[in-house]
Amino acid sequence: MKKILNLLLFAFIIQVSHAGEGMWLPLFLKSLNEAEMQDLGMRLSAEDIYSVNQGSLKDAIVHFGGFCTSELISSQGLLLTNHHCGYGQIQSHTTLENNYLKKGFWAKNKSEELMNEGLTATLINEIVDVTSQALKGVKKGMTVKERQAIIDINLEAIKNELIKKDYQDVAIRPFFNGNQYFAFLTTTYRDIRLVGAPPESIGKFGADTDNWVWPRHTGDFSLFRIYAGPDNLPADPSPENKPYEPKHFLPISLDGVEEDDFTLVFGFPGRTQEYLPSPAVEEIVDVLDPAKIAIRERALNIIDKYMRQDEATRIQYASKFARIANYWKKWIGEVTGLKKTRAVAKKKNFEKEFRGKLPRDSEYQNILPEFEQLYKERAPYAYVRDYYSEVTGRNIELMSVAGIMQRLVSAYENNGAEAYQGFKGRVINYLQGFYKNYNPKIDQEVFAALTEMYSENIDNKYSPTQIQSNTSAPKSYKYLAEDLYTATALADKDKLMAILDMEPEQAIAKLREDEVFKLSSDWKKVYDKEVASPYNALNSQIDSLQRIYMKALMETFPEKRFYPDANSTMRVTYGQVKGYSPTDAVTYGPVTYLDGVMEKYKPGDYEFDVDQKLLDLYDAQDYGKYADKDNGKLPVCFIGTNHTTGGNSGSPAIDANGNLIGLNFDRAWEGTMSDINYDPSICRNIMTDVRYILFVVDKFAGASHLIDEMKIVFPKSKRMPIKNQTVKHKGVFGGKKSKK
């Protein structure tokens, strides 16, 4: 095991011969990446990026709400993240009278900044390798359950041994499919206030048409602020709290970017699957992604129709539509990219090389044939699983409510009235927000369309009786939907709340009588028995084999470096500003300008309209100090080779000197398959240029008081190094300094 761990630290599974690929743990940059990063032009040291003994870049990187990244850009706790990351909060404060989505929002002073219930900002204090402790007692030949039982006990012991402050939390995550473990000491702030957001015509310019597309012209940013108690530590939201004072915040460079400039993106990427075997990639390309794309496309067409007819509906469904459309378009690009780069063939060639290096008596000889067999057995269940999840869990809203009601009934059945009452309080809070943005007419039409798709594409044995297909007498799913939505209490807030006001026994009885509740329950029973049970059994075997496969690859290719798959933990990715050529005779430059916004401008169109103030500034060429120094144009976005994914939304793009130059918000459509197969020829991350952000804040919004908080630098004319703040630190094990 010790030999394996050493290889894990100093080997790569796939040779990285180009800048861009990899999502690296920052505490290993010194040993694995520093030299390469400096060859690409970086002037920082690994200690400047990640340190537990002094202020470093990591202290300015914030996990925003647990789903996005943000960064500190002033000494007063000012946070920068994407507009789409703050969209839910902006929407929650929006009304027809105060339409912050359409008009934007700018607090003129701190007293006008808006509180956001439940929103958090988490800082990473330290990352600790706890692999040896986590795997203590794990032996070869153990079953999956035996192995995990020992690891779970070890992880609890590690949490108890870690020295931490009362306000800190500990999260331990597996890496390399469970071959390695790291503990993250964190501090989470709970008072996060909305400071500023541009109108959608800037923050969401291009909307769904331009999503995942380059060239891009979107000012995808919003501003928040962390508030702390009098001791600068986390505190419950309160008017008495003060702006947080960070250990480090990012200076902002106005020098701009040029092709081949070094770029570092720091954040919390969500999930990648870079080391899947070829049958898994084939399944994604040929079966799973196409099914999910078709389902979401059907739902989106219905929602879009209603949003275009009514402004109130557009506000109501804006966030939901964007959420559904985001991965719909991503999956389309993923399939296209995987096919274009021949990802399956590459995997098979690599597997052939892997087999060729194995000794005849190797314990790993049967891994690939086992993968083939397991994925073949799992395939029909995986298909139904994705269909069921998309239809009942993500696109028919009423089925989601029915699922929550099932959990409420289960709480009563399994743990009695006290558990029921406790869970009911959470349910009611959720429903208050849900019904604010719910239109049963729209949902009814989506229900009819998607249940019909389910019956047409899924075998009857995986369907509840109510929606099984009947070729001799085809059903009208439109009429089925009408009957259900008319009869159910779940589509009406007042009716459902009246049920929840009853005594538990009465409420449970009423819910069980509800037609939509009965459909949801019947559907789940069929799914649990016929799909979930066999799928989970096979998937457990696949997961276990994947862990062994990782170990095998590491031992077989000791000369190659590797990086762990993303799992929502802090990572660094580095690359360069670069254009690309996605198809024959098409070449994209790396930077877009405000000219491109005006070229796309369509008056009155909700995706491509432009605010009159921005039109006036463009006509006057009034860009202030934010124009490009060489051509006088106002830059809007740029692209790089950084390896990013979901969760990197809001990540800072940092220059060679540690200054903020942009804000990561998307990937180019042709390269969204980078979660599975990074290819330097077409994988590009998209960033809003910080000069456009500051131009909007200053010239467009007139919020120059926010600019005054920031530290503006011009490093290309004179380098502005990071100013580190030395802090006292104790190691986390036994008071000794942890080894990195």
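Things to note:
- Amide H partners (placed H, <5 Å) of N642, local residues excluded: Q576, N685
- Sorted from greatest to least, the principal axis extents spanned by the alpha carbons of the chain come out as 77, 73, 59 Å.
- Evaluated on region 576-704, the Kirkwood hydrodynamic radius is 15.9 Å, with distances taken between all distinct Cα atoms.
- The simple spin-label model puts a point 7 Å past each Cα toward its Cβ; for Q54 and D169 those points are separated by 3.1 nm.
- For the peptides 133-140, 57-64, 245-252, the ranking by packing is 57-64, 245-252, 133-140, with the highest mean count of neighbouring Cβ atoms within 10 Å listed first.
- Charge dipole magnitude, Cβ of K and R +1, D and E -1 - region 437-590, Cα centre, debye nearest 20: 700 debye
- Distance from the Cα centroid of region 64-133 to that of region 633-712 is 17 Å (rounded to whole angstrom).
- Cross-link pairs K108/K424; K441/K602; K242/K699; K441/K699 - those with Cα-Cα distance over 32 Å: K108/K424; K441/K699
- Scanning the chain for cysteines with no neighbouring cysteine C-beta under 4.7 angstrom from their C-beta gives C637, C683.
- DSSP-loop trypsin sites (Lys or Arg not before Pro) across region 268-343, with at most 13 other Cβ within 10 angstrom: R271, R308, R342
- Violating pairs (Cα-Cα greater than 19 angstrom) within the set K352/K551; K320/K478; K247/K711: K320/K478
- Using the Karplus relation 6.51 cos²θ - 1.76 cosθ + 1.60 with θ = phi - 60°, the per-residue 3J(HN,Hα) values for region 163-173 come to 7, 9, 7, 4, 8, 8, 10, 10, 10, 10, 10 Hz, with x marking Gly and Pro.
- In a DSSP loop and with at most 12 other Cβ atoms within 10 Å, the trypsin sites (Lys or Arg not before Pro) in region 353-417 are R360.
Read-outs: derived from the displayed coordinates by stated rules, not from any lab. This one's a predicted model, so the numbers in the text were calculated from it and none came from an experiment. In this analysis, Cβ positions are derived from the backbone assuming ideal geometry, glycine residues included, and neighbour counts consider all displayed protein chains.
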